[in-house]
Amino acid sequence: MTKNEQISYQADPDIEEKVNELAGSDRKVRGWMAFLILVMAIVMSLYHLYTAGFGLLPGVGTRTHMIIHLTFGLALVFLIFPIKRGLGQTKIVWYDFFIALIAIFVGYYLYSNQTSNSILTGRMTLTDMIIGIVLLALVLEATRRVVGKPLVIISSLFIAYFFLGHYLNPPFRHTRADFENFIYEMTYTSSGIFGTPLSVSAVYVFIFILFGAILEATGAGKMFIDLALRAFGKYKGGPAKAAVVASGMLGSISGSSVANAVTTGTFTIPLMKKVGFKPQVAGGIEVAASSSGQLLPPIMGAAAFLMIEYTPYSYGEIIRSAAIPAILSYIAILFMVHFEASKHNIKGLPKEMLVSARKTMIQHGYLILPIIILVYFLVKGNTVPNAAFFSIVILLTLAVFTHRMREKMGVGLLIAAIVGGFAYGMHFVLDWNIEIAVMVALGIFVSLFVILLQKQFKVEAAPIRFGVRELFSGFEMAARNSLTVVVACATAGVLIGVINLTGLTAKLPIIIVNFAGDNLYLALVFTLIACLILGLGLPTTATYVILAAMVAPALVQMGVPIMAAHLFVLYYGILADDTPPINLPAYAVSGIANSEPIRTGIQGFKFDSGALLLPFVFATNTVILLLPENAGLYSWPVVAQNIFTAVLGIIAFVVFIQNFFLVKLRFYERILALVTALVFIHGSWMTDVAGMVLLVLLVAIQLLRKKKEDVHVQLSIT
């Protein structure tokens with residue numbers, strides 16, 4: 001790439017295939033088998049799109065909705081994911097067809113018999129028992145294929161605990177083991193598979209995975225990357241900083257850290273390597289940036305919707321509290337990148353190689369509107385699925401008509417008038433929400449405005465075409481991306497069921513509190529370790545559900561506010577996604593970076609550790625969480641002061657990790673940086689003053705050493 005060349009982004013046409021392979025599926029089918037999967041995925045997406053916009057179908061209750069959701073998920077898992085990787089299958093083998101049919105039959109049985117007398121009274125027939133056992137086996141096998149062995153092993157240990165708990169000593173001892181009761185509770189009540197996690201997956205998570213898949217199909221990834229490169233590309237380590245910002249924006253709406261890493265990493269990793277970052281470092285930066293997006297509002301992956309169910313807070317209150325910590329975590333990653341670039345003298349890209357921000361906004365800026373619409377409806381008070389539905393409506397309208405009216409203005413306007421009139425007419429005929437017609441009309445108006453703007457400034461249309469093929473591809477990708485969440489939430493329901501049935505819900509907080517000796521900081525350290533261990537190899541949704549049930553209550557019992565406790569376990573649950581040796585995003589990007597996966601994973605954990613101490617800050621001093629119960633308690637200057645000192649603490653800890661500030665640290669300087677970071681945790685004015693004094697001392701030492709080194713270099717040159 002020459003200096004006069006302008007960077008151009010081209011989406012990797014094999015992204016979907018790469019994501020599936022890295023998630024455990026290397027089955028590549030063609031022909032009617034591929035068409036079957038496509039049709040099932042599209043129907044699954046359309047079903048969830050309909051329920052988000054118009055509510056459940058007549059006669060379909062919440063439990064039936066979960067049954068349909070899980071049945072689709074299980075059937076698709078066995079059609080897409082082979083029994084093990086490395087078989088090189090080019091067709092769906094007969095036994096997977098058979099298992100998929102069994103999954104559909106089990107779903108039909110559950111749907112047909114959910115109001116039978118045997119199920120309602122808990123006196124299962126032999127058939128009920130067999131169906132329950134088969135369902136449990138299907139869920140665990142699907143989880144093994146999609147998520148991997150760790151979650152299945154953890155589930156098996158919990159199931160074993162249910163049946164063997166009477167052999168243990170107090171406080172873990174229980175006498176509730178009963179096989180028939182276990183099957184009934186796990187498969188026919190809301191205590192097991194069809195519990196809160198699967199309900200969240202069916203009602204909230206899928207529709208946002210669909211929103212993210214369609215948004216990516218329209219070229220939003222290109223817009224995020226181009227804007228981030230324009231803002232940061234010319235600075236020291238610019239492509240890496242751009243990767244952090246772009247991956248953060250995409251990661252918030254993406255339901256998969258693997259998909260996010262591959263989507264943005266395909267473009268950003270080669271650029272990072274080009275300016276001088278080592279392959280494993282480039283991959284690690286992408287891993288950290290892609291995973292941490294799950295803490296970033298407004299969508300936060302799937303975590304915010306799970307928190308709605310496990311805490312007394314609304315969606316708006318959750319994203320408000322998560323906003324500052326999420327931004328601070330990305331500031332930490334940016335500082336990590338900056339010091340890495342400074343350490344190795346890595347420059348940015350020439351300004352001439354960067355795409356014009358004005359051109360990018362004229363080409364793609366309209367894709368920001370659906371996100372704004374989403375936030376608007378959420379703030380307005382619409383239900384979460386409803387807000388996502390309206391956002392998808394305007395997104396599809398923009399994507400379709402921006403391209404169609406540019407090609408054929410007259411025909412495009414005619415079709416737009418028909419579609420707009422139809423949407424408005426359905427408001428009167430079928431009582432559709434008037435917002436649907438308004439979103440269609442607004443989308444058409446903005447599309448026309450964008451086209452006129454492009455012609456006025458002589459900017460070519462966005463290179464990514466959006467038609468029926470791209471729409472179906474988005475629907476299929478959404479269904480595929482959802483499978484990890486579907487099976488993980490179903491299995492997490494089993495874990496939560498065992499915890500509740502055996503009484504661990506009440507025992508665990510007491511055990512943790514007693515073990516920590518009423519020392520909050522010690523309890524927080526134990527929680528951090530538990531999060532990293534339990535989260536190894538698990539998707540964030542499953543990790544959070546387990547931790548929310550097992551660990552968060554202990555923190556609450558020790559005086560940590562509910563929001564702070566749940567954000568604490570969520571943060572470290574996300575960090576666990578980057579923890580080697582089981583680190584799927586690292587395996588995803590290592591192929592792009594041509595680096596070793598474990599070393600890439602270590603770098604990912606390193607770059608995500610810049611804000612490692614941040615949850616300790618907001619768990620002990622909740623000012624930056626802007627808690628609803630603290631409304632009016634703290635003035636904005638106090639909030640700003642706490643944010644400022646949190647940033648200083650992050651800088652000190654990043655300096656400690658990177659072993660570099662202005663020049664490479666000496667041993668005593670590194671210890672000084674660590675002590676400075678630890679002092680900033682407490683949050684009182686005395687510790688803040690002490691921390692600032694220590695930081696000033698560190699800066700002074702570094703300035704003197706750098707001045708001496710610069711003089712030495714000058715003398716050696718002369």
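Would you mind calculating the gained length between Leu120 and Lys380 on full extension (0.36 nm times residue separation, minus the Cα-Cα distance), in nm to one decimal?
Working: separation 260, 0.36 × 260 = 93.60 nm, distance 3.91 nm.
Length difference between fully extended and current span is 89.7 nm.
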In nm², what is the average projected area of the convex hull enclosing the Cα atoms of segment 21-139?
8.6
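Mean shadow of the chain, computed from the convex hull of its alpha carbons, in nm²? Mind dumping the intermediate values first?
Working: hull surface 139.9 nm².
Its average projected convex-hull area is 35.0 nm².
So which GluC sites (Glu not before Pro) in segment 377-467 pass both tests, a DSSP loop state and at most 16 other Cβ atoms within 10 Å of the Cβ? Write down the numbers at each step before the final one.
Numbers: sites: Glu407, Glu435, Glu460; in loops: Glu460.
Taking segment 377-467 and a limit of 16 other Cβ atoms within 10 Å, the loop GluC sites (Glu not before Pro) found are Glu460.
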Roughly to the nearest percent, how much of the accessible area of segment 219-303 is carbon and sulfur, given a 1.4 Å probe?
59
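Scan segment 585-666 for trypsin sites (Lys or Arg not before Pro) in coil per DSSP, keeping those whose Cβ has at most 14 other Cβ atoms within 10 Å, and list them by number.
Here the sparse-neighbourhood loop sites are Arg666.
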Anchor Lys707: lysines whose Cα lies under 16 Å away (excluding residues fewer than 8 positions away in-chain)
Lys664
What is the distance in Å between the Cα centres of segment 41-83 and segment 353-418?
26
Heavy atoms of Lys351 accessible to a 1.4 Å probe, total area in Å² rounded to 10:
110
Distant-in-sequence amide H partners of Phe660 (H built 1.01 Å from N, under 5 Å)
Leu665
Give the lysines reachable from Lys278 as a straight Cα distance under 17 Å; neighbours fewer than 8 places away on the same chain don't count.
Lys236, Lys241, Lys343, Lys347, Lys606
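Loop only by DSSP, 13 or fewer other Cβ within 10 Å of the Cβ. Give me the trypsin sites (Lys or Arg not before Pro) in segment 373-446 that pass, ordered by residue number. If you can, show how the numbers build up before the last one.
Numbers: sites: Lys380, Arg404, Arg406, Lys408; in loops: Lys408.
Within segment 373-446, the qualifying trypsin sites (Lys or Arg not before Pro) (loop, at most 13 other Cβ atoms within 10 Å) are Lys408.
Expressed in nm to one decimal, what extension gain is obtained for the pair Thr64 and Ser716 from 0.36 nm per residue of sequence separation less their Cα-Cα distance? It would help to have the intermediate numbers written out before the result.
Numbers: separation 652, 0.36 × 652 = 234.72 nm, distance 7.78 nm.
So the extension gain works out to 226.9 nm.
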Take Glu180 and Ile104, extend 7 Å from each Cα along the Cα→Cβ direction, and tell me the distance between the two endpoints in nm.
3.4
Over segment 88-133: Kirkwood hydrodynamic radius from C-alpha pairwise inverse distances, Å
12.2
Can you give me the C-alpha center-to-center distance between segment 502-541 and segment 98-135, rounded to a whole angstrom?
36
Give the accessible area for Ile209 in Å² (nearest 10); use a 1.4 Å probe, count only protein heavy atoms, and leave out ligands, DNA and RNA.
10
Ala461 to Ala34: extension gain in nm, 0.36 nm per residue of separation minus the Cα-Cα distance?
150.5 nm
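Could you provide, to the nearest whole Å², the per residue accessible area of the chain with probe 1.4 Å?
On the way: 28660 Å² over 718 residues.
Result: 40 Å² of accessible area for each residue.
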With a 1.4 Å probe and all protein chains kept in place, how do Ile717, Ile444, Ile299, Ile372 rank by accessible area, largest first?
Ile717, Ile372, Ile444, Ile299
Okay, which of segment 35-61 sit inside 16 Å, backbone N to the point 7 Å along the Cα-Cβ direction of Phe422?
50
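The values are calculated or read from the model by the stated rules, or taken from the named source; none is laboratory data. Nothing here was measured: the structure is a model prediction, and the numbers come from that model. Because the Cβ atoms are built from the backbone with ideal geometry, glycine has one as well, and the counts that use them run over all protein chains shown. Just so you know, the surface numbers come from the protein's heavy atoms only, side chains and all, with ligands and any DNA or RNA stripped out. Shrake-Rupley method; radii C 1.70, N 1.55, O 1.52, S 1.80 Å.
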